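Only one structure is covered here, and it is reproduced in the block below.
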Amino acid sequence: TQLLEQSPQFLSIQEGENLTVYCNSSSVFSSLQWYRQEPGEGPVLLVTVVTGGEVKKLKRLTFQFGDARKDSSLHITAAQPGDTGLYLCAEVNAGNNRKLIWGLGTSLAVNP
Amino acid sequence: GAVVSQHPSRVICKSGTSVKIECRSLDFQATTMFWYRQFPKQSLMLMATSNEGSKATYEQGVEKDKFLINHASLTLSTLTVTSAHPEDSSFYICSASYLVGKAEAFFGQGTRLTVV
């Protein structure tokens, strides 16, 4: 299975700190999605970015899509223990049954 | 959003037995569903694409005789792990998405399989 580059793979921070997760590809993304997964559950979609340079905000989460549509980032401000989970980026292959190409994932632990 | 239900959420079976996992789309028709395997704190590894009314498409390295997929209706796909061994213990997740419109994948709750 083809995987996108995602970094860092593991991150452990204290409550209140900021963090950024990166997702990269050598080719242009058609569109990119970010998911969050809690232990023992399936992933849940956070956002979809489509246009180069696009910025979307979801409360304390800010998602950016690179101008060239080859990279994306997720920034969390003032992280809270409830943000703990696995964050995954995924590209939608529009021409193949909507098959998703996944990043390696970032396991985030926010300590109180 | 749409709901995908996966059952059971946890199962423990003896080595050598078979286990069936169900994935249902509750409020939409899914002609295509995907089956994933996931190890702790790692990404999703696609096992196969389940197509309603036809044979599943398996990813390289996934044994089709080991992991039987049946997609008999537009709302149900099943994954059967045959002759399970301890190394098959893992978290299995299914997903489905609309074929048109918003390309969001909806995931089941996952199944934790433990083979003893």
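Here are some notes:
- Relative contact order for the range A:53-112: 26 percent, from Cα pairs under 8 Å spaced at least 6 residues apart, divided by residue count.
- Per residue, the range A:1-89 exposes 50 Å² of solvent-accessible protein surface, assessed with a 1.4 angstrom probe and all protein chains in place.
- For the range B:25-74: rounded, prolate or oblate by the Cα gyration tensor [a/c cutoff 1.5]: oblate
- Cα shape, chain B, gyration tensor, a/c 1.5 rule: prolate
- About the Cα centre, charge dipole magnitude for chain B (Lys/Arg +1, Asp/Glu -1 at Cβ), debye: 220 debye
- By the rule of a second cysteine Cβ within less than 4.7 angstrom, chain B holds isolated cysteines at B:C13.
- Per-residue shielding of B:35-42, expressed as the average number of other chain Cβ atoms within 10 Å of the residue Cβ, stands at 3.
- Separation of alpha-carbon centers, the range A:35-112 and the range B:45-116, rounded to whole Å: 23 Å
- Dipole of the protein assembly as shown computed with +1 at Lys/Arg Cβ and -1 at Asp/Glu Cβ about the Cα centre; of A:G105, A:V47, A:Q80, farthest Cα towards the positive end is A:V47.
- Apportionment of accessible area to carbon and sulfur, chain A, percent (1.4 Å): 49 percent
- For the range A:97-112, a drop of 10 Å² or more in accessible area on going from the chain alone to the assembled protein chains (1.4 Å probe) is found at A:N97, A:R98, A:K99, A:L100, A:W102, A:L104, A:S107.
- Whole-Hz Karplus values for the range B:26-36 come out as 7, 9, 7, 8, 10, 6, 10, 10, 10, 10, 10 Hz, taken residue by residue from phi with 6.51 cos²θ - 1.76 cosθ + 1.60 and θ = phi - 60°; glycine and proline positions read x.
- Accessible area that becomes buried as A packs against B, both chains, 1.4 Å probe, Å², nearest 100: 1900 Å²
- Amide hydrogen neighbours beyond the local backbone of A:R69, cut-off 5 Å, H modeled: A:G53
- Dipole axis of the protein assembly as shown (+1 Lys, Arg; -1 Asp, Glu on Cβ), positive-most option in B:V19, B:S97, A:Q14: B:V19
- About the centre of its Cα atoms, the range A:5-86 shows a dipole size close to 260 debye [charges on the beta carbon of Lys, Arg (+1) and Asp, Glu (-1) only; nearest 20 debye].
- Scanning chain A for trypsin sites (Lys or Arg not before Pro) that sit in a DSSP loop and have at most 13 other Cβ atoms within 10 Å, the longest stretch containing none of them is A:1-58.
- Inter-label distance, A:A109 to B:R10: 2.1 nm, where each label sits 7 Å from its Cα along the C-beta direction.
- Cα gyration tensor shape for chain A, rounded if a/c is under 1.5, else prolate or oblate: prolate
- With θ taken as phi - 60° and the Karplus curve 6.51 cos²θ - 1.76 cosθ + 1.60 applied, the whole-hertz 3J(HN,Hα) list for the range B:15-25 is 4, x, 8, 10, 10, 10, 10, 9, 10, 10, 8 Hz, x standing for glycine and proline.
- Cβ charges +1 (Lys, Arg) and -1 (Asp, Glu), total dipole of the protein assembly as shown, debye: 280 debye
- Among the protein heavy atoms of chain B, carbon and sulfur supply 52% of the accessible surface, probe 1.4 Å, non-protein parts ignored.
- B:M47 long-range amide H proximity, modeled H, under 5 Å: B:W35, B:Y36, B:R37
The values are calculated or read from the model by the stated rules, or taken from the named source; none is laboratory data. As the structure is a prediction and not an experimental result, all values here were calculated from the model. Please note: Cβ atoms are built from the backbone with ideal geometry, for glycine as well, and neighbour counts cover all protein chains shown. For accessibility, only protein heavy atoms count, side chains too; no ligands or nucleic acids. Shrake-Rupley method; radii C 1.70, N 1.55, O 1.52, S 1.80 Å.
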